[in-house]
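Participant: Have a look at the structure that comes next, please.
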Amino acid sequence: MDLTLWQYQFRIIMLGDSGVGKSSLLKRYTENLFLESINQTVGVDFYVHFLEVEPGVHVKLQFWDTAGQERFRSVTRSYYRNSVGVLLMFDLTNRASFDNIKEWHAEVCERVQPYKVLFILVGQKSDREAHGERVVSREEVNKLAGQLGVPYVEASAKTGQNVRGPFELLARQIYQALLSGEIELQEGWDGIKCIAPQTLRLQRANVAQPSTAPQSKKKCCG
Ligand SMILES: Nc1nc2c(ncn2[C@@H]2O[C@H](COP(=O)(O)OP(=O)(O)O)[C@@H](O)[C@H]2O)c(=O)[nH]1
Ligand SMILES: [Mg+2]
């Protein structure tokens, strides 16, 4: 089946300080490329990737790659409301970028109301640990992740280590939240699009009554 025939579209935003590797991780995930000298993001860039979140359910992941600098903050903020997922990213070799995570998280939570958004915390440039450059320990990140109530993943855009992990975990969590009704489709909100909302109702009914609904019936719009 052509993966581009999607049933759902999720809008996901990349946030974190400038230089932590947001664009690099996205480039690695969507194009399997890594550039030592990548252009700095100006304003907001846009990437697309298709993912089968479960057999027969195809999702178009639409990524907004933002610039971390303060001068672009007002542009970046205008994208929060129409996102359903956030990759909150810091650099394992840059303590300030880790210290700023709380601020990024609080800013999003404040601005997305009344909509719901799901987060993944990503510690980037894990390859540099081998060179003794890591300055943020796993223990302290786990503690912060626990406080914020968000999952934590370490990755390296350079080596490709664990690159799919954060994107796909987030996409699957959004999908599950949609099926459980924790996240609702809303008029005038672009965080999630569904090409056939009636099939979502069927999928939700299947999830609510798993014993009477075989897995194969979960398939949406396929
Ligand atoms: N060693 C290492 N360098 C990285 C990694 N990811 C990005 N970089 C480098 O970090 C710099 C900033 O990356 P960029 O993706 O532009 O960061 P952004 O501002 O958050 O989008 C670039 O020189 C990248 O080559 C990584 O996983 N490991
Ligand atoms: Mg960038």
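Read the figures in this text as sums done on the coordinates, not as results from a lab. From a predicted model like this one, the values you see are computed outputs, not experimental measurements. Using ideal geometry, Cβ is built from the backbone for each residue, glycine included, and neighbour counts are taken over all protein chains shown.
Participant: Calculate how steeply helix 101-112 sits against the longest principal axis of the alpha-carbon atoms of the chain, using the helix alpha-carbon long axis, and give the answer as 0 to 90 degrees to the nearest 10.
Facilitator: The two axes meet at around 40 degrees.
Participant: Considering amide H positions built from the backbone, and no H for Pro or chain starts, which residues 5 or more places from F119, or on another chain, come under 5 Å of its amide H?
Facilitator: V86
Participant: Where the only charges are on Cβ atoms (+1 Lys, Arg; -1 Asp, Glu), what is the dipole of the chain about its Cα centre, to the nearest 20 debye? Write out the running numbers ahead of the final one.
Facilitator: On the way: 27 positive and 25 negative charges, 102 e Å.
Value, rounded to 20: 480 debye.
Participant: While we're on this one: For the stretch 55-62, take each phi angle, set θ = phi - 60°, evaluate the Karplus expression 6.51 cos²θ - 1.76 cosθ + 1.60, and give the result in whole Hz per residue in order, putting x for glycine and proline.
Facilitator: Each residue's phi maps through the Karplus curve to give x, x, 10, 9, 10, 8, 9, 10 Hz.
Participant: List, in order, the whole-Hz ³J(HN,Hα) value for each residue of the stretch 156-163 obtained from phi through the Karplus relation with A = 6.51, B = -1.76, C = 1.60 and θ = phi - 60°; use x for Gly and Pro.
Facilitator: 9, 5, 5, 8, x, 5, 6, 6
Participant: Relative to the longest principal axis of the chain, what angle (0 to 90°, nearest 10) does the C-alpha long axis of helix 164-180 take?
Facilitator: That helix lies at roughly 40 degrees to the long axis.
Participant: Rounded to whole Hz and in sequence order, give me ³J(HN,Hα) for the stretch 85-99 from the Karplus expression 6.51 cos²θ - 1.76 cosθ + 1.60, θ = phi - 60°, writing x for Gly and Pro.
Facilitator: Result, rounded to whole Hz: x, 10, 9, 8, 10, 9, 9, 4, 9, 9, 4, 4, 5, 6, 4.
Participant: Percent of alpha carbon pairs in the chain separated by more than 26 Å? Don't jump to the answer; show the numbers that get you there.
Facilitator: On the way: 8977 of 24531 pairs.
Value for the chain: 37 percent of Cα pairs lie more than 26 Å apart.
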